[in-house]
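These notes concern the structure reproduced below.
The values are calculated or read from the model by the stated rules, or taken from the named source; none is laboratory data. Model, not experiment: these values are computed from the prediction. Positions of Cβ are generated from backbone atoms using ideal geometry, with glycine treated the same way; all protein chains shown enter the neighbour counts. Ligands, DNA and RNA are stripped out before the accessible areas are found, and what is left, the full protein with its side chains, is counted by its heavy atoms. Shrake-Rupley method; radii C 1.70, N 1.55, O 1.52, S 1.80 Å.
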Amino acid sequence: MPAERTILHVDMDAFFASVEQRDNPALRGKPVVVGGSPDKRGVVAAASYEARKFGIRSAMPTREAHRRCPDAVFVKGRMSVYSAVSKKVFAIFEDITPMVQPVSVDEAFLDVTGALHLWQNDPVRIAEHIRERIRNELHLTASVGIAPNKFLAKLASDINKPDGLSLVPRPQPDIEAFLAPLAVGRIWGVGKKTEARLTEHNIRTIGDLQRAPPAQLTRWFGDLSARHLHALARGLDDRPVHERDPEKSISSEHTFDQDQTDPAVWRACLLEQSEDVGRRLRKAGFWTQCVHIKIRNDRFETITRQQKLPLPTRRDLDIHHTAMALLEQNAPARPVRLLGVGASHLTDTPSIAGPQQLDLFSEPAPVQPDPAKLDDILDALRAKYGKNALKRGG
Ligand SMILES: [Mg+2]
């Protein structure tokens, strides 16, 4: 077992809207919507807690927000102000520990394990100190969750929002008891679709999920998702806090010795590169949300084309199928000099979904062997016997 960690998730409360209310006293206590005017097209960037009472949420069309609350005050966002405040918030985090992983402008994970001894081994002191500095220096509020890992810390920061502090109890049996009454939708990565499928099987709370037989979960969701679900239901998550921004992208490219016109050669090349990208994603602990290809022809004309994915993936064949679809849509008319495949919009949060949702590119649903397992086996063999030890058939 790795050493116990202490992770904080700090999340500013209704960040953009709170900055607006702070800077304009006339807005305080009122429903405030950041994101343009209600008569134009646009979406809500942030809503004050007063506006949220009317059901207004981020990413909702501003027209809809106006319909729900005609009295709401609509303000244009001031991104430069928010970003200046964000810098000050992060400077406060970095006074505590260098192990800060930004999630967005107003949200971060802090691994404070190594700093605890400076705070009488009490993480609540650290959390209160951060909240106090944000209140006193920036006149804003933040909510903090304290837990042994990122999943639980993020879940905890949301529990007493706004202006809240939550500590997930330890040890393991207490963690499971803490999670048991919560809805399965609270699990990071469980979206509406997966929640609906779980409900079909009468799994509504995380406790229901803890009691579900693993073999049953595997049958419903496939091996990989079942394992994720089961681990998260027990509150287990070993993802590290990345000190720096995680890698922005991973790519692989190849210049042919001779310009190539044969689609079978292109296909084989993209397969090898997709496997390389997949292997590096798995090694780094990421999933990709966007795949791109690069094509350069004999005249040195280069194009790149990208495709967003409906769900994050790290499977070789998902990457390959996306790359092939992009190649087919942009079929080279001239001999090809260079080909490349890349993954971007990386995330360390898998999406938990049933097999039918992974069936994205008119491939049959995963049958035996599980493609994710196959990827793991290939990784292990290649680590042992070298990169070219094994190749997939074309
Ligand atoms: Mg926030």
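Values as computed for the structure displayed
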item: DSSP H segments from the chain that extend 24 Å or more along their own axis, Cα-based, with Kyte-Doolittle mean of 0.0 or above; result: 79-96
item: Contour excess over end-to-end distance, with Cα ends at Lys53 and Asp158 and 0.36 nm allotted per residue; result: 36.2 nm
item: Sparsely packed GluC sites (Glu not before Pro) within segment 222-323, loop by DSSP, other Cβ within 10 Å at most 10; result: none
item: Of all accessible heavy-atom area on the chain, the percent that carbon and sulfur account for (1.4 Å); result: 52
item: Globularity ratio of the chain, using Cα Rg and 2.2 N^0.38 Å; result: 1.12
item: Contact order relative to length of the chain, as percent, for alpha carbon pairs under 8 angstrom and 6 or more apart; result: 13
item: Net lengthening on full extension, Ile303/Glu328 (0.36 nm per residue, minus Cα-Cα); result: 7.6 nm
item: Mean accessible surface per residue for the chain, computed with a 1.4 Å probe while every protein chain stays in place, in Å²; result: 50
item: Förster radius 41 Å - calculated FRET efficiency between Met60 and Ala215, Cβ distance, rounded to 0.05; result: 0.50
item: Over the chain: helical MRE at 222 nm, DSSP H runs n ≥ 4 each giving -39500 (n - 2.57), nearest 500; result: -12000 deg cm²/dmol
item: Simple spin-label estimate for Ala196 and Asn121 in nanometres, 7 Å along Cα-Cβ; result: 5.0
item: Extended-chain gain in nm, criterion 0.36 nm per residue less alpha-carbon gap, Lys248 and Trp188; result: 19.4 nm
item: Segment 175-233, relative contact order in percent, only Cα pairs under 8 angstrom and at least six apart counted; result: 35
item: Cleavage-rule hits (trypsin sites (Lys or Arg not before Pro)) in segment 282-339: DSSP loop, at most 12 neighbouring Cβ within 10 angstrom; result: Arg299
